[in-house]
Amino acid sequence: MDLNIAQALRDDVRLLGDLLGQVMSEHRGHAFLDTVEKIRELAKNARQGAGIEWDNLSDFLREIPEGDLIDIARAFNQFLNLANIAEQHHAQAEESWAGSSLQIAQVEHTRIELVLTAHPTEVLRRTLIQKYDAIGRELSSARNPETLRRLIAEAWHTDEIRRERPTPQEEARWGFAVVENALWAAVPSAMRALDRAAGETLDFKVMPFVFSSWMGGDRDGNPLVTASVTEDVLRLARWMAADLLIRDVSVLNADLSMTLATAQLQEMAGTTYEPYRAVLKRLRDRLLATRDWAETGEPAGESVVLRVEEVIEPLAACYQSLKAKGLGTIADGPLLDTLRRVHCFGIHLVELDIRQHAGRHAEVLSAITRHLGVQDYAVASEEERQTWLIAELNNRRPLFPQQWNQEADVREVLDTIDVVARDDAAGISAYVISMASSPSDVLAVALLLKEAGLHRSLPIVPLFETLADLEGASQTLDALLSIDWYKSYCAGRVQVMIGYSDSAKDAGQFAAAWAQYVAQETLTAVAEKHGVKLTLFHGRGGAIGRGGGSAKQAIESQPPGSVGGALRVTEQGEMIRFKLGTPAVAQTTLLRYLQSTLSATFTPPAAPTAAQRSAMQVLTDLSLQGFRGAVTEDRFVSLFQAVTPEAELAELALGSRPARRSKTSGLADLRAIPWVFAWTQIRLMLPAWLGTDRTVEYLLRENTAYSELAEWPFFVKEMNMLEMVLAKADATLVNYYAQRLIEPSLNDLSQSLIDKLEYLKSNLPELQGAELLASNPDVRDSILVRNTYLDPLHLLQAELLGRRREGNLSEAVSQALKVTMAGISSGLRNTG
């Protein structure tokens, strides 16, 4: 970061912090503010001193009166969120295009699809997010201290913690608000940046950006997402798209008052006087009718817009007429922006992915085969399943009888399939099968969609999540593409999803990353063999332990040939706000994604050498052994449940989806998000590094292997992510949690994990020849500044967890505990 920008950032953090202090003093008095300042000073001394200073901080926090606990926690939480606002303000300088003219020429052949998900890692209430956005806007514009003080006061007097979990529909509305408040402006702005780089206005049909959503469509393990909920969300999306377009068209109707027009436009308008307004008024009336239809749910009348071409055609006619009559300056104004929005968002705003667990489809087919008296699908072998499925897919007669008594779970799956098939899957982007492992998982969904009457070849996307499934992914795809029916269905295009979260939870981050890399290599080879276009769908989370880290570095280190001008990737939870939350930040994110995708397509890294591949396999085997050896230790689950707030996190109303797939208490059914979230809260960050102590130990012995690997972008990316997470991990804080929360019988296990962490923090710098984050001082400094405000929250959280587990269930303790979780999450950012 430029020194001037760094100083400006520090000045803004100080400004917002001072204003927060004034607000707190006004509300709670000078004595309360003095207490906050005392805690901050103790935390600063602890970071600079030794164990006695940490004990002083811990003792001081322990003596805070219960009535002050909530506001003390809130004070540090609020400061961390204000620091986030300041950082985001200084990071949102307009992104310039750094690509070549060749890349500009290839933009029209490139597709960047960001899939918004409601994964429960966003701890802030939408109300508070809106207030923080307002502070950010003021910081970027007038910077009036009184206005900033008022906005900070509004945030301070607003409860941070949701009292109730959001419904799937509310989650979807939050996703739509991201489009309304940020992406609606960011997309045309990003396209204008490309126009400037090209030195000309690109054709309005060129649109590399697409958005989809899982909010209201992801039903894997979430009983609240039903067929009727999905139907509601599809209508909500149509309503919002129509509403946003009405606003655009109303502005255009006011602007395009000229009469000069082509004969074609005059004919379309039915008048020679202000023909643009005539065309736009007709379009606006249809959009108004569409919005009313989406709200009421009544059958669609003739005026309702059902195809995107019905919006594009009148807008394009106006654009072409203006161009033809020499009014290009007017044509390339707001009208061009609207045309580009329609090409990006269409009439559905964001298309919906449907996601369901593979086992649910098998249950349906088991039920129908038992009803029909043929071999039970549940006990059939994979070969028998495929034979039967292919026969049914080629059979014209219906499989399902009209009268059939179904259990509720079976009926719900079929109801969802019916919603998908209705209107030939309009507004649906893909059907994702979680925990897919075999060809029959894909063919089963194809059969269900056929039986529901779907005519369109909707992408059916297997999601390979575990280590074993990733290793078998290419065989599954090869088997599918060897089936004539399936290859015809695909029509030359196939999509496969790579699961980062569950594979990392299954094998550890390092081993999972290599399995994902190899899977992408082999899947790409299979697609080339069968002559189909492969799109890899990356299910990345925000945290390192769920595939997070630098998106740019991740894309540009993909296997050569695997990107191919198409990127589909999830944006999850709090990362939506950090990467797409404002128009300027969203524009920067979109252009970075585009540049990285073009770079990975046209100037990909070299394939790993035989020596690099061999060394990576050795490291992966060591890491996997270390990871699984630790998590399968008999007492590991007990330690996890004792030292982390895993159980208490379930009380945070983060999202509509439960933390576990079932009611068991083991790790197998715990979702990847709370697994990562819980370890992050105590600053052990274990999912992102466990097992890599063995790899670092090996590389220190075998320096030749390290020298080989250090030339490979994929390995460099993995080391950079490890470095980042180690800089955030803190053994001292973990020790405080352990001392306060675990039984003596777990001390040795806890200490062994802390020892592994300290070994890594000491020896990775030795391996790399530089201290942690030496090449990324901005991030290092950000972590150091935040520690002063995070440390009190960690120690307070450990104390509150102890009190709660000893039986103190008071509102003050419970609420303050939730605030510490929210504050730590905000302070560390990519947490779940």
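The values are calculated or read from the model by the stated rules, or taken from the named source; none is laboratory data. What you are looking at is a predicted structure, and each value in this text was computed from that prediction instead of being measured. Note: ideal-geometry Cβ built from the backbone for every residue, glycine included; neighbour counts use all protein chains shown. Protein only, heavy atoms only, side chains kept; ligands, DNA and RNA dropped before computing areas. Shrake-Rupley method; radii C 1.70, N 1.55, O 1.52, S 1.80 Å.
Yes or no: Leu773 buried (at least 20 other Cβ atoms within 10 Å of the Cβ), of a type outside the set (S, T, N, Q), under 32 Å from the mean Cα position of the chain (by Cα) and in a loop (DSSP other than H, G, I, E, B)? Break it down into steps so the answer makes sense when it comes.
Numbers: buried (at least 20 other Cβ atoms within 10 Å of the Cβ): yes; of a type outside the set (S, T, N, Q): yes; under 32 Å from the mean Cα position of the chain (by Cα): yes; in a loop (DSSP other than H, G, I, E, B): yes.
Here the answer is yes, as Leu773 does meet what is asked.
For Ser762, indicate whether it is over 30 Å from the mean Cα position of the chain (by Cα) and either basic (Lys, Arg) or buried (at least 21 other Cβ atoms within 10 Å of the Cβ) (or both). Break it down stepwise before answering.
Details: over 30 Å from the mean Cα position of the chain (by Cα): yes; either basic (Lys, Arg) or buried (at least 21 other Cβ atoms within 10 Å of the Cβ) (or both): no.
Judged against the criteria, Ser762 is not a match.
Name the residue that is least open to solvent (accessible area, probe 1.4 Å), counting only residues in the stretch 451-472 that are part of a loop (DSSP other than H, G, I, E, B) and of a type in the set (Gly, Ala, Ser). Steps first, answer last, please.
Initial filter on the stretch 451-472 (part of a loop (DSSP other than H, G, I, E, B)): 452-459, 465-466, 472.
Add one more test, that the residue is of a type in the set (Gly, Ala, Ser), and what stays is 452-453, 457, 472.
On the way: Ala452: 34, Gly453: 35, Ser457: 62, Gly472: 16 Å².
Per the criteria, the residue is Gly472.
Which count do you get for residues in the stretch 563-596 that are of a type in the set (Ser, Thr, Tyr) and assigned to a helix (DSSP H, G or I)? Give the derivation first.
Going through the stretch 563-596, the residues of a type in the set (Ser, Thr, Tyr) turn out to be 570, 582, 588-589, 593, 596.
With assigned to a helix (DSSP H, G or I) added as a condition, the list becomes 588-589, 593, 596.
Of the residues in the stretch 563-596, 4 are of a type in the set (Ser, Thr, Tyr) and assigned to a helix (DSSP H, G or I).
What number of residues in the stretch 797-817 are part of a helix (DSSP H, G or I) and either over 15 Å from Gly67 (Cα atoms) or open to solvent by less than 30 Å² (accessible area, probe 1.4 Å) (or both)? Reasoning before the result, please.
Pass one, the stretch 797-817, residues part of a helix (DSSP H, G or I): 797-805, 811-817.
In the following step, the residues that additionally are either over 15 Å from Gly67 (Cα atoms) or open to solvent by less than 30 Å² (accessible area, probe 1.4 Å) (or both) were identified as 797-802, 804-805, 812-817.
Here the count works out to 14.
Checking the structure you have, find out if any residue of the stretch 225-238 is of a type outside the set (Ser, Thr, Tyr), closer than 30 Å to Gln103 by Cβ and open to solvent by 60 Å² or more (accessible area, probe 1.4 Å). Spell out the reasoning first.
Residues of the stretch 225-238 of a type outside the set (Ser, Thr, Tyr): 225, 227, 229, 231-238.
After this cut, where a residue has to be closer than 30 Å to Gln103 by Cβ as well, the list is none.
No, the stretch 225-238 contains no residue that is of a type outside the set (Ser, Thr, Tyr), closer than 30 Å to Gln103 by Cβ and open to solvent by 60 Å² or more (accessible area, probe 1.4 Å).
Can you tell me how many residues within the stretch 12-50 are without any contact (Cβ under 8 Å) to a residue 24 or more places away in the chain, among the small types (Gly, Ala, Ser) and either within 30 Å of Arg137 (Cβ to Cβ) or in a helix (DSSP H, G or I) (or both)?
Matching residues across the stretch 12-50 total 3.
Working only within the stretch 495-541, note down all residues that are open to solvent by less than 10 Å² (accessible area, probe 1.4 Å) and of a type in the set (A, V, I, L, M).
Val496, Met497, Ile498, Ala504, Ala507, Ala511, Ala512, Ala513, Ala519, Leu523, Ala527, Leu536
Would you say Ile824 is open to solvent by less than 40 Å² (accessible area, probe 1.4 Å), assigned to a helix (DSSP H, G or I), in contact (Cβ under 8 Å) with a residue 60 or more places away in the chain and of a type in the set (Val, Ile, Thr)?
Numbers: open to solvent by less than 40 Å² (accessible area, probe 1.4 Å): yes; assigned to a helix (DSSP H, G or I): yes; in contact (Cβ under 8 Å) with a residue 60 or more places away in the chain: yes; of a type in the set (Val, Ile, Thr): yes.
Criteria met by Ile824.
So which of Gly427, Gly453, Gly499, Gly472 is among the small types (Gly, Ala, Ser) and modelled with pLDDT under 95?
Values: Gly427 fails: modelled with pLDDT under 95; Gly453 fails: modelled with pLDDT under 95; Gly472 fails: modelled with pLDDT under 95.
Checking each option against the conditions leaves just Gly499.
Could you say which residue among Ala436, Ala446 is within 16 Å of Val494 (Cα to Cα), in contact with a Leu (Cβ under 7 Å, 6 or more places away or on another chain), in a helix (DSSP H, G or I) and of a type in the set (Gly, Ala, Ser)? Write out each step before concluding.
Working: Ala436 fails: in a helix (DSSP H, G or I).
The conditions single out Ala446.
I'd like to verify a number: residues in the stretch 422-442 that are over 22 Å from Ile483 (Cβ atoms) and open to solvent by 10 Å² or more (accessible area, probe 1.4 Å), how many?
5
I'd like to know if the stretch 473-492 contains one or more residues that are surrounded by 19 or more Cβ atoms within 10 Å (Cβ to Cβ), among the polar types (S, T, N, Q) and out of contact with any helix residue (DSSP H, G or I) (no Cβ under 6 Å at 6 or more places or on another chain).
No, the stretch 473-492 has no match at all.
If I filter the stretch 644-667 for residues that are at pLDDT 85 or above, within 26 Å of Ser814 (Cβ to Cβ) and assigned to a loop (DSSP other than H, G, I, E, B), do I get at least one hit? Before the answer, list the steps.
Narrowing the stretch 644-667 to residues at pLDDT 85 or above: 644-649.
Then drop every residue that is not within 26 Å of Ser814 (Cβ to Cβ), which leaves 644-649.
In the following step, the residues that additionally are assigned to a loop (DSSP other than H, G, I, E, B) were identified as 644-645.
Yes; the residues of the stretch 644-667 include at least one that is at pLDDT 85 or above, within 26 Å of Ser814 (Cβ to Cβ) and assigned to a loop (DSSP other than H, G, I, E, B).
Please work out which residue is surrounded by the most Cβ atoms within 10 Å (Cβ to Cβ), limiting yourself to the stretch 256-292 and to residues that are free of Cβ contacts under 8 Å to residues at least 12 places away in the same chain and not aliphatic (A, V, I, L, M).
Step by step, filter the stretch 256-292, then rank; the result is Gln266.
For Val210, indicate whether it is open to solvent by 10 Å² or more (accessible area, probe 1.4 Å) and assigned to a strand (DSSP E or B). I'd like the intermediate steps shown before the answer.
Working: open to solvent by 10 Å² or more (accessible area, probe 1.4 Å): yes; assigned to a strand (DSSP E or B): yes.
Considered against the rule, which asks whether it is open to solvent by 10 Å² or more (accessible area, probe 1.4 Å) and assigned to a strand (DSSP E or B), Val210 comes out as yes.
So which residues in the stretch 261-303 are among the β-branched types (Val, Ile, Thr) and assigned to a helix (DSSP H, G or I)?
Step one: list which residues in the stretch 261-303 are among the β-branched types (Val, Ile, Thr), which gives 262, 271-272, 279, 290, 296.
Within the stretch 261-303, Val279, Thr290, Thr296 meet the criteria.
Kindly provide the set of residues from the stretch 668-721 that are among the small types (Gly, Ala, Ser), out of contact with any helix residue (DSSP H, G or I) (no Cβ under 7 Å at 6 or more places or on another chain) and part of a helix (DSSP H, G or I), ordered by number.
To start, the set of residues in the stretch 668-721 that are among the small types (Gly, Ala, Ser) comprises 668, 672, 678, 688, 691, 705, 707, 710.
With the extra rule that they be out of contact with any helix residue (DSSP H, G or I) (no Cβ under 7 Å at 6 or more places or on another chain), the set shrinks to 668, 707.
Result: Ser707, single match.
Can you find even one residue in the stretch 398-421 that is at pLDDT below 95, assigned to a helix (DSSP H, G or I), open to solvent by 10 Å² or more (accessible area, probe 1.4 Å) and within 26 Å of Met240 (Cβ to Cβ)?
Within the stretch 398-421 (the criterion being at pLDDT below 95, assigned to a helix (DSSP H, G or I), open to solvent by 10 Å² or more (accessible area, probe 1.4 Å) and within 26 Å of Met240 (Cβ to Cβ)), the answer is no, since none of the residues qualifies.
Looking only at the stretch 347-367, filter to residues that are buried (at least 22 other Cβ atoms within 10 Å of the Cβ) and out of contact with any strand residue (DSSP E or B) (no Cβ under 6 Å at 6 or more places or on another chain); which one of those is farthest from Val420 (Cα to Cα)?
Ala367
This table checks each residue for (1) surrounded by fewer than 22 Cβ atoms within 10 Å (Cβ to Cβ); (2) without any contact (Cβ under 8 Å) to a residue 12 or more places away in the chain; (3) out of contact with any Phe, Trp or Tyr (no Cβ under 7 Å at 6 or more places or on another chain).
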| position | (1), (2), (3) |
| --- | --- |
| Pro713 | yes, no, yes |
| Met719 | yes, no, yes |
| Ala738 | no, no, yes |
| Pro744 | yes, yes, yes |
| Asn747 | yes, yes, yes |
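With respect to Asp248, is the statement that it is buried (at least 18 other Cβ atoms within 10 Å of the Cβ) and touching a Ser or Thr at 6+ places or on another chain (Cβ under 7 Å) true?
Details: buried (at least 18 other Cβ atoms within 10 Å of the Cβ): yes; touching a Ser or Thr at 6+ places or on another chain (Cβ under 7 Å): yes.
Considered against the rule, which asks whether it is buried (at least 18 other Cβ atoms within 10 Å of the Cβ) and touching a Ser or Thr at 6+ places or on another chain (Cβ under 7 Å), Asp248 comes out as yes.
Could you list all residues from the stretch 291-316 that are farther than 18 Å from His343 by Cβ and either in contact with a Gly (Cβ under 7 Å, 6 or more places away or on another chain) or not acidic (Asp, Glu) (or both)? Let's see the steps before the verdict.
Start the filter on the stretch 291-316 by keeping residues that are farther than 18 Å from His343 by Cβ, which leaves 291-304.
Arg291, Trp293, Ala294, Thr296, Gly297, Pro299, Ala300, Gly301, Ser303, Val304, listed by residue number.
Can you pull out every residue in the stretch 304-333 that is assigned to a loop (DSSP other than H, G, I, E, B), open to solvent by 20 Å² or more (accessible area, probe 1.4 Å) and either more than 16 Å from Phe345 (Cα to Cα) or among the basic types (Lys, Arg) (or both)? Explain how you work it out, then say what you get.
From the stretch 304-333, those assigned to a loop (DSSP other than H, G, I, E, B) are 304-308, 325-327; that's our starting set.
Then keep just the ones that are open to solvent by 20 Å² or more (accessible area, probe 1.4 Å); that gives 306-308, 325-327.
Scanning the stretch 304-333 gives Arg307, Lys325, Gly326, Leu327.
Give me a count of the residues in the stretch 597-611 that are closer than 20 Å to Ile112 by Cβ and outside any loop (DSSP other than H, G, I, E, B). Give the steps one after another, and end with the answer.
At the first step, the residues of the stretch 597-611 found to be closer than 20 Å to Ile112 by Cβ are 597-605.
Narrowing further to those that are outside any loop (DSSP other than H, G, I, E, B): 597-602.
So the answer is 6.
Can you confirm whether the stretch 688-700 contains a residue that is over 15 Å from Leu753 (Cα atoms), open to solvent by 20 Å² or more (accessible area, probe 1.4 Å) and not hydrophobic (A, V, I, L, M, F, W, C)?
Yes, the stretch 688-700 contains a residue that is over 15 Å from Leu753 (Cα atoms), open to solvent by 20 Å² or more (accessible area, probe 1.4 Å) and not hydrophobic (A, V, I, L, M, F, W, C).
May I ask you to list the residues in the stretch 784-794 that are open to solvent by 10 Å² or more (accessible area, probe 1.4 Å) and either closer than 16 Å to Leu733 by Cβ or not in a helix (DSSP H, G or I) (or both)? I'd like the intermediate steps shown before the answer.
Initial filter on the stretch 784-794 (open to solvent by 10 Å² or more (accessible area, probe 1.4 Å)): 784-786, 788-789.
Within the stretch 784-794, Leu784, Arg786, Thr788, Tyr789 qualify.
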